[in-house]
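Below is one structure, written out as structure tokens; the observations come after it.
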Amino acid sequence: MTNISQARYPGLPAGLTQGQPLLWLNPGYDPQADGRQTGLDPQIAEDRFTRCAGLLAQMFPELQAGGGRLSSPLTAIPHLRDALTRAPVAGAWLLKRDDALPVAGSVKARGGFHEILSLAERIAAEADLLPDGADRLVLAGPAAQAVLGRHAVAVGSTGNLGLSIGLIGAGLGLRAVVHMSADAKEWKKQRLRARGIEVVEHQGDYAAAVAAGRAIAQADPLMHFVDDEHSEALFLGYAAAAHELQAQLQTAGRRVDAEHPLFVYLPCGVGGAPGGILYGLKRLFGAHVHGFFVEPTASPCMLVQLACGVQQPVSVYDVGLDNRTDADGLAVGLASPLVAPLMASLLSGVFTVAEDTFYADAWRLEDTEGIYIEPSAATGLRGPLQVLDTPQGRAYLQSQGLASVMDQATHVIWSTGGSLVPEDIRQGFRQRGRQAAGVA
Ligand SMILES: *Cc1c(COP(=O)(O)O)cnc(C)c1O
């Protein structure tokens, strides 16, 4: 059988356009690359988070306990590892719990807080309310709040980014407008509306909601549009997670060097969150960190874009896939044109995951470790097996000279969302997961 996509895009791995789960190794991966030449400096975001910590602690009760610092736990998941693997498996499996990030309940808190803080600082500075070096607490004061209240922030989203920007924007005193695609989950719309956030619904997919929201914001000088496909502020907010992970690995006694490789598995939608995190990690760990993105079999937009070359946009629709997945946040047809070129040399590979697999794995994680995460966040749970237990994974380890040190490897599976999912929705996910795992 001939396959038109395969003929037109020879870089695509066999089986991709049929929706087969697979691991694709990035031929452009360069262990020496660290992204430094791009000029995007994660320190900008870290400094902003530091100077705004007092403000965040005051404005968000959820952040008080941590002194206004945004962070999530790093947790060992040995029971899940044992459940997924029969033979004893080498290395440590750790779960980075961004599902538990305060306020937004997903990785989007990182990018979202950074972009909205940067916006609030700019608005206040333009109103002469924020002299150089001023304590950011003035943003919570009546004068700044009066000004901020006249400004709006808008975003287009299938869910989690809208939830993040809406809750964070409103929390900082801005009017917030969230443009959602028709397939966005009802509970997310309700949660936003309950907080006084405007929800505008659009026909079509995520890209259509983004385009509509962007057009409306462009016509309004007091409305800032958070542009998931192009935003450097979001990207840098994600990148700031790298130092947090570095400190946690140190505390956990996990070294990262040539004999102790670090593998990171990151669910990918448009690419901003996983791209920013990997970018930050590459600057800290260089060739010793190996980044793999995870995408649903129906929506492998970053894989498609990198496999076809980043000179021109190629979407999952172009290669005959339908972008229909239950994995919220990952149903993205076209990768970010900001992030894809950056990943061309930094990313080790991408693996794709079928719907039943991530539903089942989300259920298994809760069953074995008592940790609930949303289905899209569970896509990375088989990352270590992709690397250790597939022909492509073993080829990667060989090519990087890692086969003999995998006993000492650290695998960090990035869990990207879940704590805001209401209990009745969780019940539905659990049931589907139990069925998919064959224990119903
Ligand atoms: C948004 C999101 C991602 C991926 O982030 P992108 O910046 O879109 O690549 C992963 N998991 C969840 C749960 C998300 O909401």
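The values are calculated or read from the model by the stated rules, or taken from the named source; none is laboratory data. It should be emphasised that the depicted structure is a prediction, and the values quoted were computed from it without experimental measurement. Please note: Cβ atoms are built from the backbone with ideal geometry, for glycine as well, and neighbour counts cover all protein chains shown.
Check whether at least one residue in region 360-377 is out of contact with any helix residue (DSSP H, G or I) (no Cβ under 9 Å at 6 or more places or on another chain) and at negative phi, and report yes or no. No; the residues of region 360-377 include none that is out of contact with any helix residue (DSSP H, G or I) (no Cβ under 9 Å at 6 or more places or on another chain) and at negative phi. Scanning region 155-183 for residues that are touching a residue at least 60 places away in the same chain (Cβ under 8 Å), out of contact with any Lys or Arg (no Cβ under 6 Å at 6 or more places or on another chain) and within 16 Å of the ligand (Cβ to nearest atom) returns Val155, Gly156, Ser157, Thr158, Ile165, Leu167, Ile168, Asp183. The number of residues in region 180-206 that are buried (at least 19 other Cβ atoms within 10 Å of the Cβ) and of a type in the set (Gly, Ala, Ser) comes to 2.
Take Ser376 and decide whether it is assigned by TED's automatic domain parsing to the domain that holds Gly276 and within 24 Å of Tyr279 (Cα to Cα). For Ser376, the condition - assigned by TED's automatic domain parsing to the domain that holds Gly276 and within 24 Å of Tyr279 (Cα to Cα) - is met.
The residues of region 51-71 that are crowded, with 16+ Cβ neighbours inside 10 Å, free of Cβ contacts under 8 Å to residues at least 60 places away in the same chain and not in a helix (DSSP H, G or I), listed by number, are Gly68, Leu70. Scoring Leu278 on the criteria (1) crowded, with 24+ Cβ neighbours inside 10 Å; (2) without any contact (Cβ under 8 Å) to a residue 24 or more places away in the chain leaves a single failure, condition (2).
Looking only at region 395-432, count how many residues are within 16 Å of the ligand (Cβ to nearest atom) and under 22 Å from Cys268 (Cβ atoms).
Pass one, region 395-432, residues within 16 Å of the ligand (Cβ to nearest atom): 412-422, 425-426, 429.
Subset that is under 22 Å from Cys268 (Cβ atoms): 412-421, 429.
Selection size over region 395-432: 11.
For beta carbons closer than 8 Å, sequence separation of 6+ or different chains, a first residue in region 22-50 that is assigned by TED's automatic domain parsing to the domain that holds Ala242 and of a type in the set (Ser, Thr, Tyr) and a second that is at pLDDT 95 or above and surrounded by fewer than 19 Cβ atoms within 10 Å (Cβ to Cβ), the qualifying pairs are Tyr29/Ser345.
Each residue in region 72-107 was checked for being in a loop (DSSP other than H, G, I, E, B) and over 13 Å from Gly418 (Cα atoms), and 9 pass.
Quick check on Arg110: is it in a helix (DSSP H, G or I), crowded, with 19+ Cβ neighbours inside 10 Å and within 16 Å of the ligand (Cβ to nearest atom)?
Values: in a helix (DSSP H, G or I): yes; crowded, with 19+ Cβ neighbours inside 10 Å: yes; within 16 Å of the ligand (Cβ to nearest atom): yes.
Taking the combined requirement at face value, the residue satisfies it.
The single condition among (1) closer than 19 Å to His224 by Cα; (2) among the β-branched types (Val, Ile, Thr); (3) surrounded by fewer than 22 Cβ atoms within 10 Å (Cβ to Cβ) that Val138 does not satisfy is (1). The residue list Leu334, Leu381, Leu330 contains one member that is in contact with a helix residue (DSSP H, G or I) (Cβ under 6 Å, 6 or more places away or on another chain), in contact (Cβ under 8 Å) with a residue 12 or more places away in the chain, among the aliphatic types (A, V, I, L, M) and not in a loop (DSSP other than H, G, I, E, B), which is Leu381. Can you pull out every residue in region 264-322 that is within 11 Å of the ligand (Cβ to nearest atom), part of a strand (DSSP E or B) and closer than 24 Å to Leu249 by Cα? Scanning region 264-322 gives Leu266, Pro267, Phe293, Val294.
Kindly indicate whether any position in region 142-154 is within 16 Å of the ligand (Cβ to nearest atom), over 21 Å from Asp220 (Cβ atoms) and surrounded by fewer than 24 Cβ atoms within 10 Å (Cβ to Cβ). No - not one qualifying residue is present in region 142-154.
Yes or no, residue by residue, for (1) acidic (Asp, Glu); (2) under 20 Å from the mean Cα position of the chain (by Cα):
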site: Ala362; (1), (2): no, yes
site: Glu366; (1), (2): yes, no
site: Glu369; (1), (2): yes, no
site: Ala377; (1), (2): no, yes
site: Gly383; (1), (2): no, yes
site: Val387; (1), (2): no, no
site: Tyr396; (1), (2): no, no
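The C-beta contact set for region 405-417 (first residue modelled with pLDDT of 95 or more, second residue assigned to a strand (DSSP E or B) and of a type in the set (A, V, I, L, M), distance under 6 angstrom, 6+ apart or interchain) comprises Thr410/Ala92; Thr410/Leu262; Val412/Leu94; Val412/Val264; Ile413/Leu95; Trp414/Leu266; Ser415/Leu95. When residues in region 76-102 are screened for being within 14 Å of the ligand (Cβ to nearest atom) and farther than 19 Å from Val412 by Cβ, 0 of them pass. For region 325-339, how many residues are more than 11 Å from the ligand (Cβ to nearest atom) and either of a type in the set (Asp, Glu) or within 19 Å of Glu186 (Cβ to Cβ) (or both)? Qualifying residue count for the region: 2. Within region 398-440, the set of residues being under 25 Å from the mean Cα position of the chain (by Cα) and of a type in the set (Asp, Glu) comprises Glu423, Asp424.
Test Leu249 against the criterion of being more than 13 Å from the ligand (Cβ to nearest atom), surrounded by 20 or more Cβ atoms within 10 Å (Cβ to Cβ), more than 28 Å from Ile116 (Cβ to Cβ) and not aromatic (Phe, Trp, Tyr), and give yes or no. It is true that Leu249 is more than 13 Å from the ligand (Cβ to nearest atom), surrounded by 20 or more Cβ atoms within 10 Å (Cβ to Cβ), more than 28 Å from Ile116 (Cβ to Cβ) and not aromatic (Phe, Trp, Tyr).
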